[in-house]
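The values are calculated or read from the model by the stated rules, or taken from the named source; none is laboratory data. Here the structure is a predicted model, which means the values were calculated and not measured. Cβ placement follows ideal geometry from the backbone for every residue including glycine, while neighbour counts extend to all protein chains displayed.
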Amino acid sequence: MTNHLPVIIFLIPFLTAICMPMVGLKKRHWCRPMALAAVFAMCVAALVNFSLVLDHGESRYAFGGWSISTSLPAAPLGIEWVNDRLASTMLVALSFLASVCLIYGGPLLPQSLGKQVVHYYTLILLLISGLSGIVFAGDLFNVFVFLEVAALSAYALVGIPGGRALLVAVRYLILGTLGASFYLLGVVFFYAATGTLNMADLAQQMTDKPELMTSKAIIAGSTFMFIGLGIKMALFPLHGWLPGAYTRAPDAISPMLAGLMTKIALYSWVRIMFWVLGAGAEIGHVHLLTLLGILGAVAAVVGALLALSQQDVKRMFAYGGISHIGLILIGFSQGNQTGFAGAMFYLINDAFMQAGIFFIAGAAIYQHGARTVDELASLRGGSPWMIGALIILAMSMIGIPPTGGFFGKWQIILSAIEEGNYLAVGAVVVATLLTMAYFQRLFVRIFRDRPTSASAPRVETHLSIRVSVAVTSAAIIVLGLCSDPIIKFFRDVAASAGL
Amino acid sequence: MIEHIEAALHRPNFIAFVVLFLWGFFIMITHPNLVKKLIGMYLVQTSIIFLLVTVGAKKEATVPILQGSDATGSATHQIDPADYTNPLPQVLTLTAIVVQVATLGVSLALVTAIYQKYGSLDEDEILKRIE
């Protein structure tokens, strides 16, 4: 039973998604409890899985028993799922965040949705199952399939409000599909060069035959894969789809997208980069990690700059997310344990920060109708708790001690100093200052300006909004306070990746 | 340079892939009409599937199914792997086609909703009507 746990975790949201239209079209009020039960069950299963992995070490799941021997690494005949420490940690974060997002989403759904609410829950559960598939996949092609499962549900979810959101959803779809196509092209090149798709087997071949790393097929393949996943993770020059999609997506969806979609794409690139290509990989005489460091530094600074110039609150936070992807890449690109641990810690922390900040942006629209920075002043009168949570999130985004954001950034800067990479240190510091600047704009509006409109909230704060905002803010502080063991844990993971 | 061109001419399937891919990419990026953008997207995906099939093709080889005396007397017969093609690229192709069809379905649904709302498929025209 326990060795089937990865598949069970995936099947919980997937089967619920399939049953949802069957039950939900008859009994609409069953949808939300069913979806919540599914994600809570997934949370519990993910925690059990995590403790099992900690106790018994990593395990591999061969689908349909397609492997010759049970010894590691499993034979590359069938589809393989890898259930190691990194994947199980990501899965705990994913399922926890997914359940918080689902708790939040309910009251914010537009009343006009009516019967369509069934489709919302079906799609969001499919999105969660697609993401958990990406986390487990130990096979390049399997990653592609799950990327598309998650992305297709995301396109449909973005288009829910109709009107302008439809156009944004089509743009997201076109760019996202282009990214997936590039990724698939990279996979084809890898397959043509090595005859395998299994990540462990690929890594074995790379070490056995060093000439593969300089072959044109692998160089082209990894470039295409990186461009494809770069579009999915909204790395700076490829970020075009993200601000529009996050701004126009319904408020119930954007926390989920902001918190999870880009981070999971980044996670799958990390898997390919460290577990397939190896940390010392060179692409056509360019050291891969150096290249990523430069791309990350540019993304961190430019993303924060663009965020500073936005009026729309959701759009501002969306650009902030682009800047964080850059920061995380800087951490990974240092190629030492500190950098890997810091980046991985920041990635999980950032998933909570982004979700939390979009919770607040959505709640501000729901309660006060405040979409722009200027309108946020109305938040002061009505929602003191919301502002408290916003302050905690802002502290974490800027990087002020007891919050998780500080420790992640601290480790990233430490690793860059360790490598003597002062460009990266500078980029992190500049991005931090710019982040401070755009939160300064928000807080000046909230605390100094007189509220122009009536300050009483239009709608009572819904309990589920309060719970989800409180849980994310608390999670960020807890992550910060427990940062030491978590970072130690990720250092061990980095050591297993050969850093 | 010459030998590169010559090597490419020996593999006309790769040239066909490059032409199809760039053609689709060009339509996708430049055309303002949403349905034509989707056609470009379809071309890009199809070209990659085409590449996958052509990489897996093998001359004078057959499907990896043992027939007749081979199947029963495999212990006595030597089976030469070179006589059979690897079925995996075809399997991947099938999966990729399924993904492609699903993407096309979602995208056409979105474009239909846009057309019903704004009465146009031209992106610039739609943006004008939204204003």
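Before moving on, here are some points about what is shown:
- Of the residues A:Ala156, A:Ala151, A:Ala169, the single one that is under 22 Å from B:Leu92 (Cα atoms) and either at pLDDT 85 or above or more than 10 Å from chain B (Cβ to nearest Cβ) (or both) is A:Ala151.
- B:Leu110 being assigned to a helix (DSSP H, G or I), facing another protein chain (nearest Cβ under 10 Å) and over 20 Å from B:Ile39 (Cβ atoms): no
- Test: A:Leu5 is hydrophobic (A, V, I, L, M, F, W, C) and either touching a Lys or Arg at 6+ places or on another chain (Cβ under 8 Å) or surrounded by 16 or more Cβ atoms within 10 Å (Cβ to Cβ) (or both): yes
So that you can scan it fast, the table gives a plain yes or no per residue for (1) touching a Ser or Thr at 6+ places or on another chain (Cβ under 8 Å); (2) more than 9 Å from chain A (Cβ to nearest Cβ); (3) of a type outside the set (Gly, Ala, Ser):
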| residue | (1), (2), (3) |
| --- | --- |
| B:Leu22 | no, yes, yes |
| B:Thr30 | no, yes, yes |
| B:Lys37 | no, no, yes |
| B:Leu52 | yes, no, yes |
| B:Asp80 | no, yes, yes |
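- Filtered residues of the range A:172-181 (kept if free of Cβ contacts under 8 Å to residues at least 60 places away in the same chain and either under 20 Å from the mean Cα position of the chain (by Cα) or more than 9 Å from every other protein chain (Cβ to nearest Cβ) (or both)): A:Leu173, A:Thr177, A:Leu178, A:Gly179, A:Ala180
- Segments classed as helices (runs of 4 or more DSSP H), wholly inside the range A:381-449, with at least 1 members that are basic (Lys, Arg): A:404-418, A:422-443
- Considering the conditions (1) within 14 Å of chain B (Cβ to nearest Cβ); (2) closer than 30 Å to A:Leu102 by Cβ, A:Thr196 is excluded by exactly one of them, (2).
- Flag if A:Gly114 is in contact (Cβ under 8 Å) with a residue 60 or more places away in the chain and surrounded by fewer than 21 Cβ atoms within 10 Å (Cβ to Cβ): no
- Any hit, the range A:15-34, residues being closer than 21 Å to A:Ser496 by Cβ and modelled with pLDDT of 85 or more: no
- A:Ile365 being surrounded by fewer than 24 Cβ atoms within 10 Å (Cβ to Cβ) and outside any helix (DSSP H, G or I): no
- Being at the interface with chain B (Cβ under 10 Å from one of its Cβ atoms), crowded, with 24+ Cβ neighbours inside 10 Å and of a type in the set (Phe, Trp, Tyr) holds for only one residue in A:Phe144, A:Phe136, A:Phe189, and it is A:Phe144.
- Exclusive hit being on the phi > 0 side of the Ramachandran plot and either β-branched (Val, Ile, Thr) or out of contact with any Cys (no Cβ under 7 Å at 6 or more places or on another chain) (or both), set A:Gly138, A:Gly159, A:Gly195, A:Gly179: A:Gly195
- Remark: pairs (first residue in the range B:100-120, without any contact (Cβ under 8 Å) to a residue 24 or more places away in the chain; second residue charged (D, E, K, R) and crowded, with 19+ Cβ neighbours inside 10 Å; Cβ separation under 8 Å; 6+ apart in sequence or on different chains) = B:Ala102/A:Glu148.
- Leading residue by the ranking (farthest from A:Pro107 (Cα to Cα)) among those in the range A:240-259 that are in a helix (DSSP H, G or I) and small (Gly, Ala, Ser): A:Gly244
- Considering the conditions (1) farther than 24 Å from A:Gly228 by Cβ; (2) under 12 Å from the mean Cα position of the chain (by Cα), B:Gln45 is excluded by exactly one of them, (1).
- Scanning the range A:249-263 for residues that are surrounded by fewer than 24 Cβ atoms within 10 Å (Cβ to Cβ) and either charged (D, E, K, R) or out of contact with any helix residue (DSSP H, G or I) (no Cβ under 8 Å at 6 or more places or on another chain) (or both) yields a count of 1.
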